[in-house]
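Structure record follows, encoded as structure tokens.
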Amino acid sequence: MYKIIKKEKLNDTVDLLEIKAPFVARKCEPGQFIMLRVDEDGERIPLTIADYDRDQGTVTIIYQIVGYSTTLLSQKKEGDCVQDFAGPMGSPAELTKKEHKVIGVAGGVGAAPLYPQLKKLAAQGTKVDVIIGGKSAAYVLLADAFAQFCDQVFIATDDGSLGTKGFVTNVLADQIAKETYDECIAIGPLIMMKNVVKITKPAGLPTMVSLNPIMVDGTGMCGGCRVTIDGETKFACVDGPDFDGFKVNFDECMKRQGFYREEEHQCRIGRG
Amino acid sequence: MAKKNMQVTKVPMPEQAPEIRNKNFDEVALGYTQEMAIVEAGRCLNCKNSPCVKGCPVNVPIPAFISKLAQGEFEDAYQTIVLENALPAICGRVCPQENQCEGKCVRGIKGEPVAIGRLERFAADYHMKHHKGASDPVQKNGKKVAVVGSGPSGLTCAGELVKKGYDVSVFEALHKAGGVLSYGIPEFRLPKDLVAAEIKNIEDQGVSIDTNIIVGRSITVDELTEEGYDAVFIGSGAGLPGFLHIPGENLLGVYSANEFLTRVNLMKGFQFPKTPTPVKIGENVAVVGAGNVAMDSARTAKRLGAKNVYIVYRRSIEEAPARAEELHHAEEEGIIFKFLNNPSEIIGDDKGDVAGLKIVKQQLGEPDASGRRRPVPIKGSDYELAVQTVIIAIGQKPNPLIRRTTPGLSCESWGGIIVDEDTMETSKKNIYAGGDTVTGAATVILAMGAGKKAAAAIDQKLSLS
Ligand SMILES: Cc1cc2nc3c(=O)[nH]c(=O)nc-3n(C[C@H](O)[C@H](O)[C@H](O)COP(=O)(O)OP(=O)(O)OC[C@H]3O[C@@H](n4cnc5c(N)ncnc54)[C@H](O)[C@@H]3O)c2cc1C
Ligand code: FES
């Protein structure tokens, strides 16, 4: 059992949990994820690591309440435990010092996995900018945290309640026209990452994206997480979750992600 | 001495009727009663040279335990088996006896061999039901061994070493111990309560099992050594699923057998929506392959409500690697065999869901490198089988994680860890390996044999230092 040390509500659908998991905290790196089960018989759900404290042995996760298991997780309080918390899983993101600048693009809870990546780059002396997108002001996550080490923090909301009205991609297009970047790291909904690549690819700006297909074990044992990269099948849980955005078959990813949509609904009904 | 039973056939195993059991997940074979066990045990001739023992990868003293059964000394029979085999309730159910002990049995020359597997299972089940006593504590020797993976090889190695006084810690990547016994082999063939009881038995002897630890990620093999483990045994299995590499494999409704069986067994998907992990199955299902994994997948699909379940295999039934009993049970349960049928493409509909499997019929040609006759395509024999689900069960290879994170560990090009066959030691000092991660997907009993051999070698080496 793994204890919840801290819980914070970031907005009405997003929570942050800090969980005691020394085996994960001692080794995890930006880009990696964990597998969590809320209770006995629970589903194994992958969640990307948002932050970690090696001394305290804690790991921070940020999740959106989207289905049965995340709803159940959101009912846990500080001091409660989750049944299982395994990791770190996946390959660490390759983050080396860059000559010019890196631009991060976050959509919704994508801000959580992006945060440690940009933080590490900044700590190595790379200049970083970030664009954070959300439905409205309340859904823009971690803006203050990013501001600690980012040169510029841009915000885009669908309703214009904060920052630019419109998509992160609009801001991105403007920004790469203005400044020289070595790399873009985009993490968010598949459609957002696909659209980011539509801008960065013609511009020749190397782009890493983070994929979150349906997973079962997260250790390379089931192949349920397979994605097509440059025409080749890869297991996102082992070979990823970060991939070269130019090579990802996003349309296939989107189809595969929707495979259990009906069951997710049935499960919520069936289990209250 | 009681008179020998010269019946040429085994005492039949009581079983659930096929048309009933193919709709539930309860165990198919119900087990012998005491009377049946005594009668069957009476068929053993107690041969002096015991060919059966030579057929057993862990040398269970077969005639000895069977003669105890014949005399009604059931607990003694169990104690005789566990001298050599720590998991008899499991082996009695899943070993390919026809190629091992029973294949060598003298009674098999004129009639059926003695039902050694069923008798082993009987003795183990009897013990589980009637004896709850804890084992005697062992004097600790102050040495520590780490075991990676809690499948049959790791559990056996751990069990052997703890009996000799070692502190043994098992690290398991999943949330549940047991390896394939827990996530792969279905409930109806190997009840999970029984696997849990065998594991608890090993824990009660003092083995600690830490789940949710992925060696290579949470901690590396070298770090285990640095943390003071005197030896490490790698029993990480062959969990990497193989795919066919034909068009359409990433369509919706294509599973690896591992994914399908893990969803159903480990995650209890057969109880969805009572349990939250779903498993989707079409009305018509094709399972590609003809090993135990394929039979388990097909029989599971049937139980989940599929109407037509096909086994699609490019060779003939003679080459099918599944245990004879599994093929027989599958057929009884209404699985449709399509031998000499090789899939060439998975067809999808406009939504990306599986709609069919394109197949080319085969005939047998000259023997290939494996010694089996090579399937050769019959020109113009292509046809399409209408299915909504395709399950690929064509074999597994070792997971690359440990090999990628352990510098200096020599491996075969296909991924198997290379070991000294006498000691199971790898190219790295005091790092041992065994089971499927060395041999590629094999059997429970071979994995156990390897774990046992490694434990003996570890003990021999560490007791000198
Ligand atoms: C569906 C199915 C049916 C089968 N039926 C039969 C049968 O009827 N009879 C028979 O004899 N054999 C059968 N087999 C084969 C048999 O189960 C295997 O040969 C046997 O389990 C191998 O044992 P093992 O200990 O080597 O590995 P496994 O049982 O595979 O166990 C390996 C364990 O190591 C863990 N692990 C892997 N990597 C790591 C890591 N990096 N860190 C920590 N832990 C790790 C895995 O999660 C797993 O729990 C079947 C296999 C399958 C899949
Ligand atoms: S989640 Fe099972 S292989 Fe990736």
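Regarding B:Gly253, is this residue more than 14 Å from ligand 2 (Cβ to nearest atom) and at the interface with chain A (Cβ under 9 Å from one of its Cβ atoms)? Yes; evaluated as a whole, the condition is true for this residue. Of everything listed in (1) polar (S, T, N, Q); (2) open to solvent by 70 Å² or more (accessible area, probe 1.4 Å); (3) over 27 Å from the mean Cα position of the chain (by Cα), the single unmet condition for B:Thr439 is (3). Inspection of segment A:180-199 identifies no residue that is free of Cβ contacts under 8 Å to residues at least 12 places away in the same chain, away from ligand 2 (no atom under 16 Å from the Cβ), open to solvent by 40 Å² or more (accessible area, probe 1.4 Å) and out of contact with any Ser or Thr (no Cβ under 6 Å at 6 or more places or on another chain).
Just one of (1) surrounded by 20 or more Cβ atoms within 10 Å (Cβ to Cβ); (2) within 14 Å of another protein chain (Cβ to nearest Cβ) fails for B:Lys351. It is (1).
Being touching a strand residue (DSSP E or B) at 6+ places or on another chain (Cβ under 8 Å), more than 16 Å from ligand 1 (Cβ to nearest atom) and closer than 24 Å to A:Arg37 by Cβ: is that true of A:Val248 here? So A:Val248 does not fit the description; no. Filtering B:Leu462, B:Leu446 for residues that are open to solvent by less than 50 Å² (accessible area, probe 1.4 Å) and of a type in the set (A, V, I, L, M) leaves a single hit, B:Leu462. A:Ile4 passes every criterion in (1) within 30 Å of B:Lys274 (Cα to Cα); (2) open to solvent by 20 Å² or more (accessible area, probe 1.4 Å) apart from (2). Of all residue pairs spaced 6 or more apart or on separate chains, those with beta-carbon atoms under 7 Å, a first member in segment A:238-260 that is under 11 Å from A:Leu190 (Cα atoms) and a second member that is in a strand (DSSP E or B) and of a type in the set (S, T, N, Q) are A:Gly245/A:Thr207; A:Asn249/A:Thr228; A:Glu252/A:Thr228.
Test A:Lys77 against the stated conditions and say whether it is open to solvent by 10 Å² or more (accessible area, probe 1.4 Å) and more than 30 Å from B:Glu172 (Cα to Cα). Answer is no for this residue. Counting only helices (runs of 4 or more DSSP H) wholly contained in segment B:66-179, the ones carrying 1 or more residues that are open to solvent by less than 30 Å² (accessible area, probe 1.4 Å) and of a type in the set (Val, Ile, Thr) occupy B:74-82, B:88-94, B:116-130, B:152-163. Hey, any hits in segment B:360-382 for a residue that's touching a residue at least 24 places away in the same chain (Cβ under 8 Å), assigned to a strand (DSSP E or B) and under 23 Å from B:Ala301 (Cβ atoms)? No, the conditions are met nowhere in segment B:360-382. Answer with yes or no whether B:Glu325 is at pLDDT below 95, within 16 Å of ligand 1 (Cβ to nearest atom) and surrounded by fewer than 21 Cβ atoms within 10 Å (Cβ to Cβ). When the stated conditions are applied, B:Glu325 passes them. Considering only residues that are more than 10 Å from chain B (Cβ to nearest Cβ) and either more than 16 Å from the chain's Cα centre (by Cα) or open to solvent by 50 Å² or more (accessible area, probe 1.4 Å) (or both), which ones fall in segment A:203-231? Answer for segment A:203-231, where residues must be more than 10 Å from chain B (Cβ to nearest Cβ) and either more than 16 Å from the chain's Cα centre (by Cα) or open to solvent by 50 Å² or more (accessible area, probe 1.4 Å) (or both): A:Ala203, A:Gly204, A:Leu205, A:Pro206, A:Met208, A:Asn212, A:Ile229, A:Asp230, A:Gly231. I'd like the full set of residues that are more than 14 Å from ligand 1 (Cβ to nearest atom) and farther than 21 Å from A:Ile191 by Cβ, limited to segment A:222-234. A:Gly224, A:Gly231, A:Glu232, A:Thr233, listed by residue number.
Run B:Val312 past the list (1) touching a Lys or Arg at 6+ places or on another chain (Cβ under 6 Å); (2) under 28 Å from B:Ser370 (Cα atoms); (3) open to solvent by 30 Å² or more (accessible area, probe 1.4 Å) and report the number of the one that doesn't hold. Every condition holds for B:Val312 apart from (3). Evaluated against (1) within 16 Å of ligand 1 (Cβ to nearest atom); (2) in contact with a helix residue (DSSP H, G or I) (Cβ under 6 Å, 6 or more places away or on another chain), A:Thr219 falls short on exactly one condition, (2). Taken over segment B:180-201, the criterion of being of a type in the set (A, V, I, L, M) and either within 12 Å of chain A (Cβ to nearest Cβ) or assigned to a helix (DSSP H, G or I) (or both) is satisfied by B:Val180, B:Leu181, B:Leu194, B:Val195, B:Ala196, B:Ala197, B:Ile199. Here no strands (runs of 3 or more DSSP E) wholly within segment A:19-127 include at least 2 residues being within 14 Å of another protein chain (Cβ to nearest Cβ), in contact with a His (Cβ under 6 Å, 6 or more places away or on another chain) and not basic (Lys, Arg). The set of residues in segment B:138-167 that are over 12 Å from B:Ile234 (Cβ atoms) and in contact with a Lys or Arg (Cβ under 8 Å, 6 or more places away or on another chain) comprises B:Val138, B:Asn141, B:Thr156, B:Glu160, B:Gly165, B:Tyr166, B:Asp167.
Looking at this structure, is B:Ala441 closer than 20 Å to A:Gly223 by Cβ, away from ligand 2 (no atom under 16 Å from the Cβ) and out of contact with any helix residue (DSSP H, G or I) (no Cβ under 7 Å at 6 or more places or on another chain)? Taking the combined requirement at face value, the residue satisfies it.
Do we find a residue being within 18 Å of the chain's Cα centre (by Cα), of a type in the set (Gly, Ala, Ser) and more than 16 Å from ligand 2 (Cβ to nearest atom) anywhere in segment A:155-162? Yes. Looking only at residues of segment B:260-283 that are open to solvent by less than 20 Å² (accessible area, probe 1.4 Å) and within 14 Å of B:Val354 (Cβ to Cβ), we find that the one that is farthest from the other protein chains (Cβ to nearest Cβ) is B:Gly282.
Set side by side, the residues B:Asn212, B:Asn141 differ, and just one is touching a Leu at 6+ places or on another chain (Cβ under 9 Å) and within 16 Å of ligand 2 (Cβ to nearest atom), which is B:Asn212.
Mind listing just one residue for me: the one in segment B:202-224 that is open to solvent by 40 Å² or more (accessible area, probe 1.4 Å) and assigned to a helix (DSSP H, G or I) and, of those, nearest to the other protein chains (Cβ to nearest Cβ)? Among those that are open to solvent by 40 Å² or more (accessible area, probe 1.4 Å) and assigned to a helix (DSSP H, G or I), it is B:Glu223. Applying the condition of being of a type in the set (S, T, N, Q) and in contact (Cβ under 8 Å) with a residue 24 or more places away in the chain to segment B:225-250 and asking which residue is nearest to the other protein chains (Cβ to nearest Cβ) yields B:Ser236. Of all residues in segment B:387-435, those satisfying the criterion of being open to solvent by 60 Å² or more (accessible area, probe 1.4 Å) and touching a residue at least 24 places away in the same chain (Cβ under 8 Å) are B:Gln388, B:Ile394, B:Lys397, B:Arg404, B:Pro407, B:Trp414, B:Asp422.
The values are calculated or read from the model by the stated rules, or taken from the named source; none is laboratory data. This structure is a prediction, so every number in the text was calculated from the model and none was measured. Don't worry about glycine lacking a Cβ; one is built from the backbone with ideal geometry, like all the others, and counts go over all protein chains shown. With ligands, DNA and RNA removed, areas are computed over all heavy atoms of the protein, side chains included. Shrake-Rupley method; radii C 1.70, N 1.55, O 1.52, S 1.80 Å.
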